[in-house]
Amino acid sequence: MSKNGPFFAAAPALLLSLALTAACRPNQTLERQTTDAAIKTRVKAKLASDVGAATVTAVEVNVTNGIVTLAGPVRSNEEKQKAEAAARSVEGVMGINNNLQVTVEPVPAQVFTPTSSGSGPIYVPFPTPTP
């Protein structure tokens, strides 16, 4: 066996470990991740104070490199704009991706309930078909 035999035997293991190490590196530094987490916390607090607690539970907030993404349902365009303005006002926010969806709440059907005024049954006239 040659002198280089052990080196060539260890080379695949070394290359594999280098590839795995390079693949596991995050896209952000630890400092940037910490900053983004702090921004997310401040945005959620601002949403709670400016828009309302119900919005905080329904809206998902993600922050990457200072860019805030808002996603989820809101009740109106006004609420959507308020949420964006609240997030934009937080220190450290570099931009906003407003992916909030305005959802229309279904109107409950009206149920007829007779009054207890004692006036008796209510008759609704229908047109009579003519032969």
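Bear in mind these aren't lab numbers, they're just calculated from the coordinates by the rules spelled out. These numbers come from a predicted model, not from an experiment.
For the reader, a short list of remarks on this structure follows.
- Aspartates and glutamates whose Cα lies under 15 Å from that of residue 44, excluding same-chain neighbours fewer than 8 positions away: 36, 60, 79, 84, 91
- Value in Å of the Kirkwood radius, where the stretch 28-102 supplies the Cα pairs that are averaged: 12.0 Å
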